[in-house]
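Asker: Would you mind keeping the following structure in view while I ask a few things?
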Amino acid sequence: MAHSPVSVTKKAAEAAGAVKERLSSDGGATDVLDRIAEALERVAPVPPSAPDFSAAEAFVWHPEGHKLAPVRRVNRVEMGLLKGIDRVRDLLVENTERFARGLPANNALLWGARGMGKSSLVKAAHAAVGAAHPQAGLKLIEIHREDIDSLPELMGLLRNAPQRFIVFCDDLSFDAEDTSYKSLKTMLEGGIEGRPENVVFYATSNRRHLMARDMVENERSTAINPAEAVEEKVSLSDRFGLWLGFHRCSQDEYLAMVEAYVARYRIPMAGDALRREALEWATTRGARSGRVAWQYVQDLAGRLGVRMDDGRQTTEDR
């Protein structure tokens with residue numbers, strides 16, 4: 001089991017102190033032993049410093065070294081470009097606003113169809129609410145799925161900070177042998193310390209219960225007490241107070257997404273030609289979603305020589 005830098009530092013310092021104490025009580029201690037004690041102090045790792053949250057609005061958590069890496073420019077979509085998800089958009093923004101104002105707010109699970117803007121909505125909500133409530137110092141912290149078991153360490157870094165934090169995990173799910181979900185359960189609701197008052201947890205997943213249906217059924221069929229075995233794992237999603245479902249979009253919603261992107265980036269194409277091409281693109285991909293709409297618009301912009309880097313796109317001279 002890996003030890004945290006703090007625990008290693010403490011043990012090394014204790015070892016160095018013990019050597020020095022022995023030396024002080026032993027009148028015949030040599031310079032060689034004294035140098036050994038000093039060396040132990042030098043090799044003891046330095047405790048991690050408090051993160052500089054003023055460095056950026058968003059960070060990525062790296063458990064190795066307890067490091068929060070600042071993100072200089074968040075890859076996000078403007079709120080106004082997220083079409084077909086009005087209800088869940090309003091619910092998440094309202095929840096985030098309450099949190100930014102210091103009022104009670106729920107952890108949120110955004111689940112459902114792929115490519116329908118789940119992670120884009122989280123990032124857009126952070127930007128919109130952060131701009132509307134600058135006094136909150138709202139920060140977005142991304143934690144990777146494989147690092148979920150380090151949540152207690154991350155919470156320790158955030159707990160006493162004056163800012164407020166959205167801890168965000170994209171594409172969260174668990175395999176049959178994965179037990180790291182227990183760290184998440186404890187952080188969400190439960191444990192002695194529980195979730196810090198200045199932290200809320202948002203996650204996206206294609207699965208409502210964060211695990212495949214066949215895993216749940218396998219637990220039911222093989223356990224001595226099937227009901228309890230299933231409850232242990234399914235109860236994880238119950239710890240999210242806000243469930244937001246994303247469903248496949250209609251043809252009209254898909255076309256609205258395409259047209260919004262085309263207008264935003266001033267791409268010189270519209271009308272029947274645009275709709276015909278966009279529908280053909282969706283047919284070749286076998287799906288209609290916000291992601292498919294964005295991919296089509298990127299292809300269209302590339303073919304027409306339109307840059308999409310800063311919102312002031314112009315057609316290249318040809």
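Asker: Output the residue which, of all residues in the range 256-271 that are among the charged types (D, E, K, R) and not in a loop (DSSP other than H, G, I, E, B), is nearest to Ala105 (Cα to Cα). Walk me through how you get there before you give the answer.
Answerer: We begin by selecting, within the range 256-271, every residue among the charged types (D, E, K, R); these are 259, 264, 266.
This time we only want the ones that are not in a loop (DSSP other than H, G, I, E, B), so: 259, 264.
Details: Glu259: 34, Arg264: 33 Å.
Restricting to residues being among the charged types (D, E, K, R) and not in a loop (DSSP other than H, G, I, E, B), the top hit is Arg264.
Asker: Taking interchain pairs and intrachain pairs at least six residues apart, which have beta carbon atoms under 8 angstrom, with the first residue in the range 255-273 and touching a residue at least 24 places away in the same chain (Cβ under 8 Å) and the second of a type in the set (Lys, Arg)?
Answerer: Between residues of the range 255-273 that are touching a residue at least 24 places away in the same chain (Cβ under 8 Å) and residues that are of a type in the set (Lys, Arg), the close pairs are Leu255/Arg275; Ala256/Lys83; Met257/Lys83; Val258/Arg275; Ala260/Lys83.
Asker: For the range 286-302, how many residues meet the condition of being charged (D, E, K, R), at pLDDT below 95 and surrounded by fewer than 14 Cβ atoms within 10 Å (Cβ to Cβ)?
Answerer: Residues that pass the stated criteria total 0.
Asker: Among the residues of the range 272-308, which ones are basic (Lys, Arg) and not in a helix (DSSP H, G or I)?
Answerer: Residues satisfying the conditions are Arg288, Arg307.
Asker: A follow-up question, please. Suppose we keep only residues that are in a loop (DSSP other than H, G, I, E, B) and closer than 28 Å to Arg285 by Cβ within the range 236-255. Which one would you say is nearest to the chain's Cα centre (by Cα)? Steps first, please.
Answerer: First pass over the range 236-255, keeping only residues in a loop (DSSP other than H, G, I, E, B): 239-241, 247-250.
Next, from what is left, pick out any that are closer than 28 Å to Arg285 by Cβ: 247-250.
Details: His247: 21, Arg248: 23, Cys249: 24, Ser250: 28 Å.
Once the filter is applied, the top-ranked residue is His247.
Asker: Sticking with this one: Quick one: how many residues across the range 76-107 are in contact (Cβ under 8 Å) with a residue 60 or more places away in the chain and in a helix (DSSP H, G or I)?
Answerer: Count: 9.
Asker: Checking the conditions here, which among Phe168, Phe174 is modelled with pLDDT of 80 or more, within 16 Å of the chain's Cα centre (by Cα) and not in a helix (DSSP H, G or I)? Please lay out each step first, then the result.
Answerer: Numbers: Phe174 fails: modelled with pLDDT of 80 or more.
Every option except Phe168 fails the conditions.
Asker: Determine which member of the set Ser24, Ser49, Ser54 is surrounded by fewer than 19 Cβ atoms within 10 Å (Cβ to Cβ) and at pLDDT 90 or above.
Answerer: On the way: Ser24 fails: at pLDDT 90 or above; Ser49 fails: at pLDDT 90 or above.
Ser54 is the lone residue from the list that is surrounded by fewer than 19 Cβ atoms within 10 Å (Cβ to Cβ) and at pLDDT 90 or above.
Asker: Moving on. Looking only at the range 208-236, filter to residues that are surrounded by fewer than 18 Cβ atoms within 10 Å (Cβ to Cβ) and either under 27 Å from Glu94 (Cα atoms) or not assigned by TED's automatic domain parsing to the domain that holds Gly156 (or both); which one of those is modelled with the highest pLDDT?
Answerer: Taking the candidates together, the pick is Arg208.
The values are calculated or read from the model by the stated rules, or taken from the named source; none is laboratory data. A quick note: this is a predicted structure, and the numbers were derived from the prediction, not measured. Reconstructed Cβ throughout: ideal geometry from the backbone, glycine too, with neighbour counts over all protein chains shown.
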